[in-house]
Amino acid sequence: MNSTHIIGTLPDHGGPVRISPTDVRSRKNRCPRHWATKARPATPRPYRSAAPSRTLTTWASGPLHDVLDLVEFSGLSVEDALTKWRSAPGRPFHPALGRWTEHAVHGYLSACATIPTPPGVPSGEPPAPVSRLWARQRGPSKPGDPQVYEEMVTDRRYAGQGVRELRIVRTGSVHDRPRDEAEIAVAAGVLAGGSPVLSSRWSKSPFRLGAYEPARLVRLVEIGCVDASHRVLFEGTPDEAYALYDSAVEARIAEVITDGSYRPGQDCGRCPTVAECPAVPSRPGLLGISGSELPRRSWSMTTGRAHRSCPARAHMADLFLPRENSSEDTAATVRGRAVHAWIESRHRRVPPQACTPDDTPGRPDAWQYEGLAVSGFEARLGLQMIGDHSLVCPLRGPSDDIEVHPEQPVVVYDPDADVVVIAKTDLLYRSADRWTVRETKTARTAGEADPLERHPQLALAVLLARAQVLPGAGRFRVELERLTASGSVMSELDVTAADVATRAQRVLETYVAPWHTDTRYPTRAGEACADCPFTRWCPDAVERTGA
C-alpha cells in the first residue's frame, strides 16, 4: 500500500538547504521526501513546459500581495491599486478571486490599523514596509560540513525605529487555528538575525545577503484577512527570539531537512517529481482521457463532484478561499459525518475489534463526537445507524487474521491525462487472503439508483482495484454499506466483471472529462448555490432563499 513509508536517501546536488517557517509546520500525513526536496533548491526538477497564459491564477494570496505592493511601495490608494491590478497584463484570474482580493486588501489594511504601536516607537511613526526578503545563514551544522543552511521569511515585512516586524497573512481568521511553535520560532529567528536578500528568492546557490542591521525588538503578527483580525504571535528582544529554538524545534527542523522517506498523500498533488516517484504507481489510461494544455494537477472524487455541481465552486475550493461552513452543515450532514467519525474510531482500535450494538458515543437524545454535535431525531437516527453497522461490521471474523486500514489514502499517476489521482477509501481491510474496499454511506433511504451512479467513489474503487494499485493480487472486492432509517443494506461489486468495469469507467469519465479540459470554471448559479460555502465571493451567486 502506498501510504506507508518507503525509505529513500537524499542525493547531494550541492547548493543550500533552505527553509521557511511554513516548511516546519506540523502536518498530518505529510510526505517527508517532498518537503526535504523542497528545502533543496538545487535539486534537479523534471522539465515541464510553462502553463499557457490563459490558465487562471491558482495562488489566492498572490493578487493580494500584488495590490499591497502597489499601496505600500508605489504610494497608490487602495482603489487605484485595485484598478491597476485588474487591468494589468498577465495571467487572468477568476471573478471570484477578484472579489476575494478586494475584500482581503481592505481586511488586511483594517487589521493593520488596529495593531498597537511597538514599544519605544513614537506614535504616528510605525515601521516602514520593506521590499526585500529577509534570510539568515546558520552555517555548517558541524566542522567540515560544506552545506549552507538558510532560513527565510516572506509575507509582509516592516522595519524602523530599531524594530523588525513580520506580518503573516492568513486568508481566514487568526482564530481558526493556533500557529505551530516551530513555525513561530523560525520566523522570529530570521527577524532577529536575518539580513536583506540581494539575490533571487529562487536562487539555487546560497543567498547573497546585504548588511546586517541589528534590531532592538522583533515582532511577529498574524493577520486574518477575512475578518480583519490580528494576533501578536511574538514580541521580544533578539535574544528572546533565539531562545525559542529549543531542542524540540531543532529536532523538527532536522527532521524536515533530513528525512528522505516517501509517504504518498495530499502532497503528491503539487510535487514536481511525482511522475518519477517510486512510491506512486503509474497507470496510463486509468481515467480514460488524454492530453491537456494545462499543467499537471491532482484530482479527487471531491473535486469531481464539486465541478459537476458548479465548476466555479471547484476552483474556489482549489484556491482555498474562506468558506462559510454553516451552508454545508445541515443537520443530516453533521449526523452523517458524526456516524462516520465514530465508526472510523472503532475500526482504529488495536488489536482490531468488531463493533457492538452497545458501543455508542452518547445518549439517544443528544450526543457529539469530535466536535460534531447532533440532537433530537438526527441523534436517534445516528445511534440506530451505528447499531445497525455492528450487524455488518467487517471485523466480525477472527481478529488474528484481519488487517484494517481506515480512511486509507491511495495515490496513482495517470501520465496519459497528466493527472495525479488522490483517493481515500472509507475502509480497506483484509480477511484471510481477500482484500476489500468498503464504502459506508448514510441516508434515510437506500434509493433505487445504480450504486455506481449514486456513489461514484465506488466506480473509482473498481478502477483502482482493476489497475492493481490496491493490494490483493486479483482477490479483491468492493462493498457498499448503506446505513438507512430502515436498517443496513449491503451490496457487493465484482471488480473482475467486464460490465462492471465498463459502467465504472463511464461513470468516472463524467466527473473527470469536463474538469480536465476546463480553463475558465464558469458559475452554474441556481440549485448549486444552496449549500455552496463560497457564495460570498461568487458574483453570480443566487440568494439562498431563492435558490
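Worth a mention:
- Virtual paramagnetic centre 7 Å along Cα→Cβ of residue 520, amide N under 16 Å, in region 280-312: 311-312
- Averaged over residues, the count of other Cβ atoms within 10 Å places the peptides 213-226, 370-383, 484-497 in the sequence 213-226, 370-383, 484-497, highest first.
- Of the residues 148, 129, 182, the one whose Cα sits farthest toward the positive end of the charge dipole of the chain, with +1 on the Cβ of Lys and Arg and -1 on the Cβ of Asp and Glu, is 148.
- Near residue 445: Cβ cut-off under 13 Å, other residues only, Lys/Arg at +1 and Asp/Glu at -1. The net charge is +3.
- Overall, the chain carries a charge dipole of about 880 debye about its Cα centre when +1 sits on the Cβ of Lys and Arg and -1 on the Cβ of Asp and Glu, all other atoms neutral.
- In the chain, lysine pairs with alpha-carbon atoms under 30 angstrom apart (chain gap of 8 or more, or interchain): 9
- Per residue, the accessible area of region 128-284 comes to 45 Å², computed with a 1.4 Å probe over protein heavy atoms only.
- Principal-axis analysis of the Cα atoms of the chain puts helix 95-113 at an angle of about 50° to the longest axis.
- Using alpha-carbon coordinates, inclination of helix 181-193 to the longest axis of the chain, degrees: 20
- Global geometry of region 373-471, whether rounded, prolate or oblate, following the gyration tensor of its Cα atoms and the 1.5 cut on a/c: oblate
- Note on the chain: helix-only mean residue ellipticity at 222 nm, from DSSP H runs of 4+ residues weighted -39500 (n - 2.57) and normalised by residue number, equals -9500 deg cm²/dmol.
- For region 54-140, the square roots of the Cα gyration tensor eigenvalues, ordered a ≥ b ≥ c, give a/c of at least 1.5 with a/b no greater than b/c, which places it in the oblate category.
- Difference of contour (0.36 nm per residue) and Cα-Cα distance, residue 344 to residue 509: 56.4 nm
- Region 146-238: translational diffusion in µm²/s, Stokes-Einstein, Kirkwood Rh over Cα pairs, 25 °C, 0.890 mPa s: 172
- Multiplying the residue separation of residue 161 and residue 309 by 0.36 nm and subtracting their alpha-carbon distance yields 47.9 nm.
- Of the chymotrypsin sites (Phe, Trp or Tyr not before Pro) in region 140-232, the ones in a loop by DSSP (not H, G, I, E or B) with at most 16 other beta carbons within 10 Å are 202, 212.
- Taking a Cβ cut-off of under 9 Å around residue 230, the surrounding Lys, Arg, Asp and Glu residues balance to a net charge of +1, with basic ones at +1 and acidic ones at -1.
- About its Cα centre, the dipole of region 138-222 is roughly 240 debye, where the only charges are +1 on Lys and Arg Cβ and -1 on Asp and Glu Cβ.
- Qualifying trypsin sites (Lys or Arg not before Pro) in region 50-124, DSSP loop, other Cβ atoms within 10 Å at most 11: 54
- Ranked by the mean number of other Cβ atoms within 10 Å of their residues, highest first, the peptides 276-288, 353-365 fall in the order 276-288, 353-365.
- Cβ-placed point charges (K, R +1; D, E -1), dipole of region 325-439 about Cα centre in debye, nearest 20: 420
- Comparing 191, 223, 211 along the charge dipole axis of region 175-232, the residue lying farthest to the positive side is 211, per the Cβ-charge model.
- Projecting the Cα atoms of 368, 280, 405 onto the dipole axis of the chain, where Lys and Arg carry +1 and Asp and Glu carry -1 at the beta carbon, places 280 farthest toward the positive end.
- For residue 214, the shell of other residues with beta-carbons less than 13 Å away shows a net charge of +1, using +1 for Lys and Arg and -1 for Asp and Glu.
- Using C-alpha pairs below 8 Å separated by at least 6 residues, the relative contact order for region 426-500 is 35 percent.
- One chain, two ends: residue 498 and residue 330. Fully extended at 0.36 nm per residue, the span grows by 56.6 nm beyond their Cα-Cα distance.
- Which labelled figure in [x] 74, 60, 46; [y] 71, 62, 51; [z] 101, 63, 46 is Cα extents along the principal axes in Å, once derived from the coordinates: [y]
- Alpha carbon centroid spacing (whole Å) that separates region 145-213 from region 260-330: 30
- Inter-centroid distance (Cα atoms) of region 56-124 relative to region 469-504, Å: 50
The values are calculated or read from the model by the stated rules, or taken from the named source; none is laboratory data. Every value quoted in this text rests on a predicted model; they were computed, and no experiment measured them. Counting neighbours? That spans all protein chains shown, and the Cβs are built from the backbone with ideal geometry, glycine included. Surface areas here come from the heavy atoms of the whole protein model, side chains and all, with no ligands, DNA or RNA. Shrake-Rupley method; radii C 1.70, N 1.55, O 1.52, S 1.80 Å.
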